[in-house]
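Coordinate-derived values only; no laboratory data. Keep in mind that what you see is a predicted model, and the values were worked out from it rather than measured. Note that we place each Cβ from the backbone using ideal geometry, even for glycine, and neighbour counts take in every protein chain shown.
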Amino acid sequence: MSGVKRRINSTGRKRIGHDRINIRLAETAPGQPLKATAALRLDDLGFPPHAAVALEAYYRSSGMRFPCGTIGNLNVPSVLVLDEIDHDSSVLFRVKVIDRESSHGRLLGSAERVSPREAGDQEGRRGILPVIERDLGHEIWKVDFSEDGPKLMLNNRISGVSARILGNAFGQALVLPAALRIVLEQLAHESEEDDSWQAQWLDHIREKFNIPDNPADLPDEAAAEWIDEVIRGFCGGHDFIGSIKAMSEKEARDA
């Protein structure tokens with residue numbers, strides 16, 4: 001592993017699909033560095049067998065590189081110990097295929113912004129606001145923004161934190177609308193680009209709540225009303241008050 005950055009000529013590189021990369025975070029104790037496992041399928045993409053393969057983990061300005069052998073002889077480390085990445089971060093990965101025989105190490109192909117699966121995640125379970133558990137110190141939860149979009153982070157110092165907070169209507173009602181508002185306020189100050197998380201969120205809002213417009217294009221007062229309208233639609237669709245009343249009535253009957 002190396003944190004050294006090298007200049008690479010990326011002219012004409014091939015894009016590697018995320019479906020050929022399987023990265024999964026392992027469960028770690030609070031305060032311990034993140035760990036991950038990775039599996040790559042690159043042998044039938046037309047890269048020369050001698051081309052080097054590297055896997056990079058990064059979060060904002062921190063990063064680590066793991067050599068993974070060559071296309072013809074992959075040698076992915078059995079465990080990636082991410083001890084140079086903030087343990088409370090939503091880490092991303094990239095895969096690079098590099099021609100080491102060229103003078104400047106030409107980049108032949110890459111996969112960018114690869115999100116790892118969390119420990120215990122199942123296929124098809126990743127929503128528009130993924131929930132991940134990290135050591136957040138004394139914070140219970142926060143919203144983290146990375147290149148691939150926002151994530152709801154819960155503190156893994158609390159045993160069973162996801163179930164305790166999001167496994168009942170009361171916890172959902174306290175956390176989810178507030179987290180959504182944070183995302184929407186960020187969205188109101190971001191430009192929309194093709195394939196960006198902002199574009200994905202706006203498409204989701206239009207489809208789910210039938211609310212048009214881009215808040216970034218609206219005056220401040222209109223953008224604030226747009227945010228409130230989305231929050232009202234979200235809370236109404238989940239019927240938090242009705243669910244909490246039903247939960248309270250059941251608790252009273254069972255008492």
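Some points to look at:
- In this rough spin-label picture, where each label sits 7 Å from Cα along the Cβ direction, the GLU101-ALA29 distance is 4.8 nm.
- Cβ-derived FRET efficiency at R0 51 Å, ASP254 paired with VAL143, nearest 0.05: 0.90
- Potential extension, HIS204-ASP44 segment - 0.36 nm per residue separation minus Cα distance: 54.1 nm
- Size of charge dipole - the chain - debye, nearest 20, with Cβ of Lys, Arg +1 and Asp, Glu -1, no other charges: 1220
- Counting only lysines at least 8 places from LYS208 when in the same chain, those with an alpha carbon closer than 21 Å to its own are LYS151.
- Ranking of VAL143, VAL131, VAL97 by count of other Cβ atoms within 10 Å, fewest first: VAL143, VAL131, VAL97
- About the Cα centre, charge dipole magnitude for the range 14-114 (Lys/Arg +1, Asp/Glu -1 at Cβ), debye: 280
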